[in-house]
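Some notes on the structure that comes next.
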Amino acid sequence: MKMGLVGYAGTGKSTIFEWLTGEKPDPSKVQQGQTAMADVPDERLAAISAALKPKKTTYTKVAVLDTPGLTQGGDQKDNARRLGVIREANGMVVVLDGFTRTDFAVQLQKFREECLYADMEIVGNRISKLETVLKKKARPAKEIEADEAEMALMKRINATLESGKPASTLNLPPEEEKTVRSFTLLTLKPEIVFVNRGDSGFNDPLPADLLALAPNAVQAPVKLELELLAMPDEDRTAFMADYGVTEFRRGATIRAMFYGVGRNVFFTVGEDECRTWSIPAGCEAVEAAGCIHKDLSEKFVRSNVIGYADFVSCGYSEKEAKTKGMNRTEGKTYIVKDADIMHILASS
Ligand SMILES: Nc1nc2c(ncn2[C@@H]2O[C@H](COP(=O)(O)OP(=O)(O)OP(=O)(O)O)[C@@H](O)[C@H]2O)c(=O)[nH]1
Ligand SMILES: [Mg+2]
């Protein structure tokens, strides 16, 4: 799971990169993008580990990719190259300047337009290429058929983009999604909007015009939090009170990024290790098994599942859950719920 920090130059992406991952951005890596990992905090796993005291507690991670910012009204070609760095990411965190500007909705709309134009160029190029290929007649019928199907799909995507809508609004079925996957269209990527606030205003609700465009947008005073965290403990409390900071939002932001792009977790628990595993929301048990190891999904037999609320009500005891009949046996197609406690059984 790799999330790209994207947006216009100077919106604070590299500052956020450091805030989320604890790694200093390396100026020599700005142009090609820099990646570092961040744990996805989970209070439920913390509670499980506090109760079971395993040797090790492991949180699933997200990779965070810092990307070069776009220039406003700048060279379109150069912006397209900069946007190209994002293409390897699974999702985008669109960073808006909330420390020198208040026009969040305008910034977001502009950025979304850049993505539309960049995708239109890619789709347009592909259409031209397919037109040339389709003129050649002496080819196997199967190839012609596949190219014609791709052409129809590309034209549909193009029409959507031209009407100002992201390609994601087409809700492409898996077969078609596979056809276009290699083009890594930006408007197919899940997006979460982040407002990088200055020293004030971060406790105010986000403006309605922004929420209309991005209902799940989040905000935090990133630079202020970094400065507060770097202070000696004895000074921090006083400064937090001065600025009206009641909590640090780093953890909540990572969780918003993780859940905002459609991920869930399940837990595995034991004396050696308790951990969270990242899965796509709504996936089947056999796919969840594959998130631990490919073998587990290929040789999947069944899974034992305890719902998180049941697990808590049993005092975090698998034995107790079994006694109370809350440890269910589920098959391959069971839809895993967020925070399920799972034991996958595979054949050897
Ligand atoms: N006052 C204030 N300044 C900030 C904040 N966040 C970032 N800055 C400053 O804004 C400038 C740009 O921040 P960066 O993190 O380098 O921005 P960027 O988005 O990575 O910029 P590019 O890499 O050029 O796209 C730096 O001088 C930061 O110190 C903030 O919340 N408040
Ligand atoms: Mg930067």
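Sparse packing (at most 14 other Cβ atoms within 10 Å of the Cβ) combined with a DSSP loop state is found for none of the chymotrypsin sites (Phe, Trp or Tyr not before Pro) in region 139-210. With one equal scatterer per alpha carbon and no solvent term, the Debye-computed log10 I(q)/I(0) for region 89-148 at 0.16, 0.17, 0.26 1/Å reads -0.68, -0.72, -1.04. Reachable aspartates and glutamates from residue 322, Cα under 17 Å, same-chain residues fewer than 8 places away excluded? Candidates past the 8-residue exclusion: 310, 330, 340. Sites listed here are trypsin sites (Lys or Arg not before Pro) in region 109-154 whose DSSP assignment is loop and whose Cβ has at most 15 other Cβ atoms within 10 Å: 136, 137.
Each peptide in 42-48, 171-177 gets a packing score, the mean of other Cβ atoms within 10 Å over its residues, and the list from highest to lowest is 42-48, 171-177. Which whole-angstrom value gives the distance between the alpha carbon centres of region 26-43 and region 129-160? Distance between centres, Cα-based: 39 Å.
In a reduced charge model with +1 at each Lys and Arg Cβ and -1 at each Asp and Glu Cβ, the chain shows a dipole moment near 1100 debye about its Cα centre.
Cβ crowding within 10 Å ranks 115, 291 as 291, 115, fewest other Cβ atoms first. Long hydrophobic helices in the chain: the complete DSSP H runs spanning 20 Å or more by Cα along their own axis with mean Kyte-Doolittle hydropathy of at least -0.5 are 104-135, 141-162. In terms of packing, defined here as the mean over residues of other Cβ atoms within 10 angstrom, the peptides 247-260, 52-65 line up highest first as 247-260, 52-65.
For region 233-317, the convex hull spanned by the alpha carbon atoms encloses 175 Å³ per residue.
Kirkwood analysis of the chain, using all unique Cα-Cα pairs, places the hydrodynamic radius at 22.8 Å. Here the dipole of region 282-346 is about 220 debye; that uses its Cα centre as origin and unit charges on the Cβ of Lys and Arg (positive) and Asp and Glu (negative).
Expressed per residue, the C-alpha convex hull volume of region 282-346 stands at 73 Å³.
In the chain, taking the dipole from charged Cβ atoms about the Cα centre, the farthest positive-side position among 3, 192, 305 is held by 305. Cβ-to-Cβ counts within 10 Å put 132, 187, 102 in ascending order as 132, 102, 187, the fewest first.
Here, each number is a calculation from the coordinates, and none is a lab measurement. Because the structure is predicted, anything quoted here is derived from the model rather than measured. No Cβ is skipped: glycine too gets one built from the backbone with ideal geometry, and neighbour counts run over all protein chains shown.
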